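Input: a single structure, listed below in structure tokens.
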Amino acid sequence: MSVAVATGVRRAFGATVVLDGVDLTVERGEVVALLGVSGSGKSTLLRILAGLDAAATGHYTTEGSTAVVFQEHRLLPWKRVAQNVALGVRGPDLRARVDEALEEVGLADRGRAWPAELSGGQSQRVAFARALVRRPDLLLLDEPFGALDALTRLRMQALFGTLRARHHFAALLVTHDVDEALLLADRIVVLDGGRIAEDRPVPLPHPRATDAPGFGAERRSLLALLNAPATPE
């Protein structure tokens with residue numbers, strides 16, 4: 001069953017066409033990574049599916065609950081961590097859900113903290129908790145680890161894998177990082193000039209590591225599609 005469907009999606013900004021008839025589906029429980037150079041339409045497509053861009057044409061729908069995690073954590077500085085996690089959510093069990101979400105991201109003791117008291121990695125964990133509390137069927141991720149240092153980024157990638165295995169949500173992950181896409185995704189979609197240039201499964205078993213057999217070959221193939229120089233393995 002599909003949790004997100006885009007058919008013939010087109011988006012232009014003035015004379016510049018950013019998406020030119022994109023067809024994409026994300027199945028329940030599937031992680032799809034969107035790769036492409038800057039300006040290829042990755043974030044635009046994600047924003048359309050998130051309902052944040054009503055000017056697109058074509059057909060696009062999502063099923064069930066959807067949550068979004070951006071590159072910037074976007075925490076409200078005048079609200080404590082727990083209040084940020086609960087923002088926009090209702091329900092008699094909300095306090096328990098907030099506590100559970102914070103525990104899952106390793107911040108069970110930081111609910112009363114102010115955002116200014118958190119590190120960058122902790123702030124992004126709060127952003128994930130804010131998504132988890134909504135119990136999403138579909139998680140839309142726009143470069144969620146792009147602003148983090150290399151070590152924190154690896155930890156957050158591992159956390160994403162743990163949360164995905166536990167909750168079985170589907171995810172659409174926008175990233176510039178080929179290794180990240182190969183580590184986390186079931187399927188990789190490459191956008192080029194507003195169109196899908198490649199749509200392929202990742203034929204690597206979980207858990208994955210950059211030195212696993214077959215990883216280097218997949219990386220080289222994707223870098224060639226992106227016209228990027230091969231990186232040392």
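The values are calculated or read from the model by the stated rules, or taken from the named source; none is laboratory data. Computed from a predicted model, the values in this text were never measured in an experiment. Neighbour counts are summed over all protein chains in view; Cβ atoms, including those assigned to glycine, are modelled from backbone coordinates with ideal geometry. Surface accessibility is based on the protein's heavy atoms, side chains included, excluding ligands, DNA and RNA. Shrake-Rupley method; radii C 1.70, N 1.55, O 1.52, S 1.80 Å.
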Using a Gaussian network for the chain with springs between C-alpha atoms less than 10 Å apart, which of these wobbles most: 26, 17, 202?
17
For the chain, what size does the Cα cloud have along each of its three principal axes, sorted from largest down, in whole Å?
47, 42, 33
Share of accessible surface on carbon and sulfur in the chain, whole %, 1.4 Å probe and ligands ignored, is 52
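Report the full-extension gain for the segment residue 65 to residue 95: residue separation times 0.36 nm, less the Cα-Cα distance, to one decimal in nm.
Details: separation 30, 0.36 × 30 = 10.80 nm, distance 1.91 nm.
That pair, residue 65 and residue 95, stretches by 8.9 nm at full extension.
Given the Cα-Cα distance of residue 223 and residue 103 and 0.36 nm per residue of separation, how much length would full extension add, in nm?
Gain on extension, residue 223 to residue 103, equals 39.5 nm.
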From the phi angles alone, apply the Karplus equation (6.51, -1.76, 1.60; θ = phi - 60°) to the range 22-31 and give each ³J(HN,Hα) in whole Hz, x where the residue is Gly or Pro.
8, 10, 8, 10, 10, 7, 4, x, 8, 9
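At a Förster radius of 30 Å, what calculated FRET efficiency corresponds to the Cβ-Cβ distance of residue 158 and residue 12, to the nearest 0.05?
Working: r = 39 Å, r/R0 = 1.29.
Plugging the Cβ-Cβ distance into 1/(1 + (r/R0)^6) gives 0.20.
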Hey, can you grab everything whose amide H is under 5 Å from the amide H of residue 195? Only 5+ residues off in sequence or another chain; H modelled, so Pro and N-termini drop out.
20
In Å², nearest 10: area of residue 192 left accessible to a 1.4 Å probe:
90
Which of 6, 91, 120, positive extreme of dipole for the chain (C-beta unit charges):
91
Under the rule rounded for a/c under 1.5, else prolate if a/b exceeds b/c, else oblate, using alpha carbon gyration tensor axes a ≥ b ≥ c, the range 43-157 is classed as oblate
Spelling it out for residue 69: with amide H atoms placed in the peptide plane at 1.01 Å from N, the residues 5 or more places away or on another chain with amide H under 5 Å from its amide H are 140, 141, 142
Surface accessible to a 1.4 Å probe, per residue, for the residues of the range 89-233, Å²:
48
If I fit a long axis through the Cα atoms of helix 150-167 and take the longest principal axis of the Cα atoms of the chain, what angle between them do I get, 0 to 90°, rounded to 10?
80
Residue-wise, which Karplus ³J(HN,Hα) couplings in Hz belong to the range 51-68, taking 6.51 cos²θ - 1.76 cosθ + 1.60, θ = phi - 60°, and x for glycine or proline?
x, 9, 9, 8, 8, 6, 10, x, 10, 8, 9, 10, 10, x, 7, 10, 9, 10
Length released on extending from residue 83 to residue 149, taking residue separation times 0.36 nm less the Cα-Cα span
21.1 nm
I need the phi-derived Karplus couplings for the range 200-209: 6.51 cos²θ - 1.76 cosθ + 1.60, θ = phi - 60°, integer Hz, Gly and Pro marked x.
9, x, 9, x, 10, x, 8, x, 10, 9
Using amide H atoms built 1.01 Å from N in the peptide plane, name the residues 5+ places from residue 27, or on other chains, whose amide H lies under 5 Å from its own.
3
Can you give me the angle between helix 94-104 and the longest principal axis of the chain, using Cα atoms only, in degrees from 0 to 90, rounded to the nearest 10?
60
